[in-house]
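In what follows, a single structure is set out as structure tokens and then discussed.
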Amino acid sequence: MNIRHISVFTKPWKKLDADALGALTADMGFSAIEYPLRDGYPVGPSNAGELTDFAETLGKHGVKITSVAAGETEEIFEACAEAGVPLLRVMRTCDRSEDYRAVETHWKRELETRQMLCAKYGVRLGIQMHCGCGAVNAASLMSLLDGSDPTLVCGVWDAAHSALAGEQPEQSLAQLWPRLGLVNLKNAFWRRISGPEAAHAVFSPYFTTATQGACVWERVITYLSAHCYDGDLCMPAEYTDFDNTETYIRGDLRFLKGLLEKEDIHV
């Protein structure tokens with residue numbers, strides 16, 4: 001079994017230009033990245049057309065862009081197509097005061113327009129589950145994807161957010177499997193942030209290293225291996241202890257490669 005790429009989401013390294021980012025990414029052991037094509041980064045919505053040059057510089061370090069996290073404008077789709085980026089990752093969240101059924105209906109109508117852009121530019125749209133209110137788990141994500149073209153719109157399974165939603169990885173992956181386009185590997189748990197004297201308990205997600213969160217990565221890799229997953233793995237490099245991000249992601253990549261080796265999965 002082969003995995004195409006293990007990428008890292010480069011959101012934490014906001015100030016690095018393409019050359020410095022490529023050097024760092026390669027040194028950490030990655031051959032691909034997910035790029036945050038957002039305001040404040042070297043390439044953002046206002047200069048999206050520069051993504052091709054950015055990708056070419058990364059390529060000199062043996063690193064390619066396998067996905068971007070960005071808005072869903074036609075300019076972004078066009079920039080991805082020109083740079084050879086196959087996947088645009090997005091999320092669907094809403095306010096808890098909204099009628100979720102109405103919100104989902106609206107999102108489904110939006111996808112009709114998005115699919116036209118996907119088809120025009122040859123860029124797939126990947127919708128990721130995210131804790132909170134919205135498409136938060138495999139079931140709600142599958143409901144949202146129902147009716148859209150699988151070749152144009154896929155689901156992005158996220159280990160941390162699936163666990164925060166209380167899912168078992170095998171069940172969650174099985175539900176999303178027919179539409180699975182990308183697997184995110186990070187980890188988290190709910191941490192109480194209010195004191196015992198508070199009128200109501202308040203909890204917040206704490207993003208941590210591979211072995212310290214609520215999702216057991218070993219079970220994820222075992223499932224992917226048993227079902228011959230042949231897509232990409234992305235490591236979002238999201239840690240609440242932000243200052244130690246580089247140390248943590250290097251360790252998590254070593255841990256992940258060890259799991260893949262045990263399952264005889266090649267990258």
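The values are calculated or read from the model by the stated rules, or taken from the named source; none is laboratory data. Model, not experiment: these values are computed from the prediction. Using ideal geometry, Cβ is built from the backbone for each residue, glycine included, and neighbour counts are taken over all protein chains shown. Just the protein is used for accessible areas: all its heavy atoms, side chains included, with ligands, DNA and RNA removed. Shrake-Rupley method; radii C 1.70, N 1.55, O 1.52, S 1.80 Å.
Answer yes or no as to whether SER97 is part of a helix (DSSP H, G or I) and of a type outside the set (A, V, I, L, M).
Criteria not met by SER97.
What residue, among those in the range 67-82 that are open to solvent by 10 Å² or more (accessible area, probe 1.4 Å) and under 24 Å from MET129 (Cα atoms), is farthest from the chain's Cα centre (by Cα)?
GLU74
Looking at this structure, is GLU104 in a helix (DSSP H, G or I), closer than 30 Å to ASP146 by Cβ and over 18 Å from the mean Cα position of the chain (by Cα)?
Against the criterion (in a helix (DSSP H, G or I), closer than 30 Å to ASP146 by Cβ and over 18 Å from the mean Cα position of the chain (by Cα)), GLU104 qualifies.
Tell me, which residue of the range 1-20 that is in contact (Cβ under 8 Å) with a residue 12 or more places away in the chain and over 25 Å from GLY181 (Cα atoms) is surrounded by the most Cβ atoms within 10 Å (Cβ to Cβ)?
ALA18
Quick one: would you say ALA23 is modelled with pLDDT of 95 or more, more than 20 Å from the chain's Cα centre (by Cα), open to solvent by 30 Å² or more (accessible area, probe 1.4 Å) and not polar (S, T, N, Q)?
Yes.
Which pairs turn up if I take residues in the range 195-207 that are among the aliphatic types (A, V, I, L, M) and look for partners that are surrounded by 10 or more Cβ atoms within 10 Å (Cβ to Cβ) and not in a strand (DSSP E or B) with beta carbon separation below 6 Å, at least 6 apart in sequence or on another chain?
ALA201/SER194; VAL202/ILE193; VAL202/SER194
Pick from VAL153, VAL85: which is touching a Lys or Arg at 6+ places or on another chain (Cβ under 8 Å), buried (at least 20 other Cβ atoms within 10 Å of the Cβ) and closer than 20 Å to ALA70 by Cα?
VAL153 is the lone residue from the list that is touching a Lys or Arg at 6+ places or on another chain (Cβ under 8 Å), buried (at least 20 other Cβ atoms within 10 Å of the Cβ) and closer than 20 Å to ALA70 by Cα.
If you scan the range 214-244, which residues turn out to be touching a residue at least 60 places away in the same chain (Cβ under 8 Å) and surrounded by 16 or more Cβ atoms within 10 Å (Cβ to Cβ)?
Those that are touching a residue at least 60 places away in the same chain (Cβ under 8 Å) and surrounded by 16 or more Cβ atoms within 10 Å (Cβ to Cβ): VAL220, SER225, TYR229, GLY231, ASP232, LEU233, CYS234, MET235, PRO236, ALA237, GLU238.
When the range 33-53 is examined, which residues are found to be surrounded by fewer than 22 Cβ atoms within 10 Å (Cβ to Cβ) and within 14 Å of ILE65 (Cα to Cα)?
Once the filter is applied, which keeps residues that are surrounded by fewer than 22 Cβ atoms within 10 Å (Cβ to Cβ) and within 14 Å of ILE65 (Cα to Cα), the range 33-53 yields PRO36, GLU50, THR52, ASP53.
Taking LEU16 as the residue in question, decide whether it is at pLDDT 95 or above, farther than 30 Å from ASP264 by Cα, touching a strand residue (DSSP E or B) at 6+ places or on another chain (Cβ under 6 Å) and not charged (D, E, K, R).
Values: at pLDDT 95 or above: yes; farther than 30 Å from ASP264 by Cα: yes; touching a strand residue (DSSP E or B) at 6+ places or on another chain (Cβ under 6 Å): no; not charged (D, E, K, R): yes.
For LEU16, the condition - at pLDDT 95 or above, farther than 30 Å from ASP264 by Cα, touching a strand residue (DSSP E or B) at 6+ places or on another chain (Cβ under 6 Å) and not charged (D, E, K, R) - is not met.
Inspect all residues belonging to the range 101-119 and state whether any of them is exposed (fewer than 15 other Cβ atoms within 10 Å of the Cβ) and closer than 30 Å to ARG191 by Cα.
yes
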